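J.: Here it is, the structure in full.
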Amino acid sequence: MGLGGLGVPALWALARAGARQLKLTIVDPDPVELSNLARQVIYRPADIGTPKVEAASRWLVERFPDVNVERHAIALDASNAACLVAAHDFVIDAIDSPAAKFLINDTCIAARTPFVYGGVVGMTGQAMTVLPGRTACIRCVFETPPDDNETRSCREAGIVGPVAGAIGEMQAAEAMRALRSQTPLLSGKILTYDASGPARVRIAAVSPRSGCGCGAWKPDESR
Ligand SMILES: [Zn+2]
């Protein structure tokens, strides 16, 4: 979900990691813009104005002719999220809108579909994998989406290419582990990559929250 600063490195990493055996679905409503070209390296100047899903699938098929890719040039919303999620074994949240991130969370929890959250603002990136009903979800950590005026979106704050690249690649690695029936490394853990000074990477365990409705909190285990 999302073919920007996180989704492009994630897609590239999935392709390299053997996604030819997988069915990939890419979702993004936006066209390629000039400002995307420097960081989102799969897009070419000739792609400007083309839907990102079209440009990305063309890039994929040129390099991996047998890749099975389905594309949707649509914005994720409450009317389409359940259908999109239901058809898949794993979801990569590479969207920059907080409201859409909570929609992915709630939809994946309802469908019991594992997913990896990713976010980058400024020089800091985060990633966390959610196994519905088993590990903490996004609402366990953040409770509610931030107000619009509190949110510094990627567009306003800018995002740093290497940070987004690292988080996107990490999201792809989490997806590949889940699809190979290995436990994703960031299940119930949040990784923070802060490149604002000397680069710091921190991984912290996240406990399910008792008031969250996602079902991961178990009274017995909390004692
Ligand atoms: Zn929760």
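J.: Give the number of residues within segment 39-83 that are crowded, with 19+ Cβ neighbours inside 10 Å and part of a helix (DSSP H, G or I).
T.: 9
J.: A further question follows. Given the residues A46, A78, A56, which is the only one that is closer than 28 Å to S187 by Cα and of a type in the set (G, A, S)?
T.: A78
J.: With the requirement that a residue be closer than 13 Å to A136 by Cα and aliphatic (A, V, I, L, M), what does segment 170-191 give you?
T.: Matches in segment 170-191: L186, I190.
J.: Identify all residues within segment 1-20 that are in a helix (DSSP H, G or I) and either within 20 Å of N80 (Cβ to Cβ) or in contact with a helix residue (DSSP H, G or I) (Cβ under 9 Å, 6 or more places away or on another chain) (or both); write none if there are none.
T.: Hits for segment 1-20 are G7, V8, P9, A10, L11, W12, A13, L14, A15, R16, A19.
J.: Taking C108 as the residue in question, decide whether it is surrounded by fewer than 16 Cβ atoms within 10 Å (Cβ to Cβ) and either without any contact (Cβ under 8 Å) to a residue 12 or more places away in the chain or in contact with a Cys (Cβ under 9 Å, 6 or more places away or on another chain) (or both).
T.: Judged against the criteria, C108 is not a match.
J.: Test E62 against the criterion of being over 18 Å from the mean Cα position of the chain (by Cα) and more than 17 Å from L131 (Cα to Cα), and give yes or no.
T.: Taking the combined requirement at face value, the residue satisfies it.
Values quoted throughout were computed directly from the atomic coordinates according to the rules given, and no laboratory measurement underlies them. Just so it is clear, the model here is predicted, and its values are computed rather than measured. All Cβ positions, even for glycine, are placed from backbone atoms using ideal geometry, and neighbour counts span all protein chains on display.
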